[in-house]
Amino acid sequence: GPMLLEHMVDGVLSFSGDDYSPYRMLRAAKNRFGSTDELGVFEMGEKGLLPVKDVSGLYWNKADEAVPGVAMTVVLEGTQPLVAEIQSLAVATAFPYPRRTARGVDLNKIQLFTAVLEKRCGIGCGLFDIYANVAGGLALREPGADLALCAALASAVKDVPLPEKCAFMGEVGLAGEVRPVVRLARRLQEAARLGFTRAVVSSREDLSTREAPLEIVRAATLKDALKAVIK
């Protein structure tokens, strides 16, 4: 069958990349002697492939000035934490059905979270065309980026920038609740290493047994989280 060769070997590696990007991703689809959660990132240069030492720097432009609609988060690619910059733009629409466009995030999430913002937080999104993008071409699939996406959307609609050096980490449900994420301590360490000073997380996160490397803002609901960062 088509899987015969894969069953015969001890490991299967996949090497992928985009035509427009100099970066290549190395992942293990099968490994009989270790984890398949590791990620290797390489840059194609004039002298061949070179390893990228600071992977988070690939997807974060480190802008000096806060801009409305931009929120930061830390996601996990296997065991590798990456800082992701989520950008959102809200423009007044002249059409009865506002446009929703997304790149790097699921379009259905934009539809879902604009409804949550309107119903649970009183932030009306129905009069705006909304565009969302993840900088650097990164594709976000894990729910840990939900809170950052909601913060970016709310910031764009209100046209108010979010605080600088602040990261958002949490899953958001239809009831407007903010839920914990996996491996929060690893994400906080990466955020602190890159200069972030504050993180907005779920109030249900257990941080009592260890000292957080940066200021923690706990939020039980999306509405509480937005009140803490949007004045």
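The values are calculated or read from the model by the stated rules, or taken from the named source; none is laboratory data. Quick caveat, the model's predicted, so the values are computed rather than measured. Reconstructed Cβ throughout: ideal geometry from the backbone, glycine too, with neighbour counts over all protein chains shown. We work out accessible area using only protein heavy atoms, side chains counted, and drop any ligands, DNA or RNA first. Shrake-Rupley method; radii C 1.70, N 1.55, O 1.52, S 1.80 Å.
Considering only protein heavy atoms and a probe of 1.4 Å, how much of the accessible area of the stretch 181-231 is carbon and sulfur, as a whole percent?
47
With charges only on Cβ, +1 for K and R and -1 for D and E, what is the dipole size of the stretch 1-98 about its Cα centre, in debye, rounded to 20?
With only Lys, Arg, Asp and Glu charged at Cβ, the dipole is about 220 debye.
As a test, work out the antiparallel percent of DSSP beta bridges whose residues both lie in the stretch 161-231, rounded to the nearest 5.
The antiparallel proportion sits near 25 percent.
Which Rg and Dmax, in Å, describe the Cα atoms of the stretch 113-182?
Both quantities, over Cα of the stretch 113-182: 12.2, 35 Å.
Using the Kirkwood radius over Cα pairs, work out the Stokes-Einstein diffusion coefficient for the stretch 1-76 at 10 °C and 1.306 mPa s, in µm²/s as a whole number.
The diffusion coefficient I find is 103 µm²/s.
What residue among Tyr59, Tyr131, Tyr23 shows peak mean-square fluctuation when the chain is described by a Gaussian network model with Cα springs under 10 Å?
Maximum fluctuation in the GNM of the chain, among the listed residues, is at Tyr23.
Name the GluC sites (Glu not before Pro) in the stretch 75-182 that are in a loop by DSSP and that have at most 15 other C-beta atoms within 10 Å, would you?
The qualifying sites are Glu164.
Just to confirm my numbers, what's the Cα centroid distance between the stretch 139-182 and the stretch 9-53 in Å?
Here the two parts' Cα centres lie 29 Å apart.
How large is log10 of I(q)/I(0) for the stretch 64-130 at q = 0.15, 0.21, 0.27 Å⁻¹ when the intensity is taken from the Debye formula with one equal scatterer per alpha-carbon?
For the requested q values the scattering log ratios are -0.60, -1.01, -1.29.
Rounded to two decimals, what is Rg over Rh for the chain when you use alpha-carbon atoms and the Kirkwood radius?
1.01
Do any of Lys53/Lys165; Lys30/Lys109; Lys53/Lys109; Lys119/Lys165; Lys62/Lys223 go past 25 Å between their Cα atoms, and which?
Table pairs above 25 Å Cα-Cα are Lys30/Lys109; Lys53/Lys109; Lys119/Lys165; Lys62/Lys223.
Placing unit charges on C-beta atoms (Lys and Arg positive, Asp and Glu negative, everything else neutral), compute the dipole magnitude of the chain about its Cα centre in debye, rounded to 20.
So the magnitude is around 480 debye.
When a/c is below 1.5 the answer is rounded, else prolate if a/b is larger than b/c, else oblate, so apply that to the stretch 35-89 with a ≥ b ≥ c taken from the square roots of the Cα gyration tensor eigenvalues.
Cα axes put the stretch 35-89 in the oblate bin.
Restricting attention to the alpha-carbon atoms of the stretch 1-130, what are Rg (one decimal) and Dmax (integer), both in Å?
Gyration radius and largest Cα-Cα distance of the stretch 1-130: 20.2, 60 Å.
Please give the contour-minus-distance gain from Lys53 to Asn31: 0.36 nm per residue of separation, less the Cα-Cα distance, rounded to one decimal in nm.
Once the chain is fully extended between Lys53 and Asn31, it gains 5.6 nm.
Is the C-alpha gyration tensor of the stretch 136-231 telling us rounded, prolate or oblate? Criteria: a/c under 1.5 is rounded; beyond that, a/b larger than b/c is prolate, otherwise oblate.
In terms of gyration-tensor shape, rounded.
Considering only protein heavy atoms and a 1.4 Å probe, what is the carbon-and-sulfur percentage of the accessible area of the stretch 70-124?
Of all accessible area on the stretch 70-124, carbon and sulfur atoms account for 54 percent.
Let me understand the stretch 153-205 better: what is its radius of gyration from the alpha carbons, and its Dmax, in angstrom?
Spelled out, the Cα radius of gyration and Dmax of the stretch 153-205 are 12.4, 33 Å.
Given a 1.4 angstrom probe, what's the average accessible area per residue across the chain, in square angstrom?
With all protein chains present, the chain gives 55 Å² per residue.
Please give the calculated 222 nm ellipticity per residue for the chain, where each DSSP H segment of at least 4 residues contributes -39500 (n - 2.57) and the sum is spread over every residue; nearest 500 deg cm²/dmol?
-6500 deg cm²/dmol
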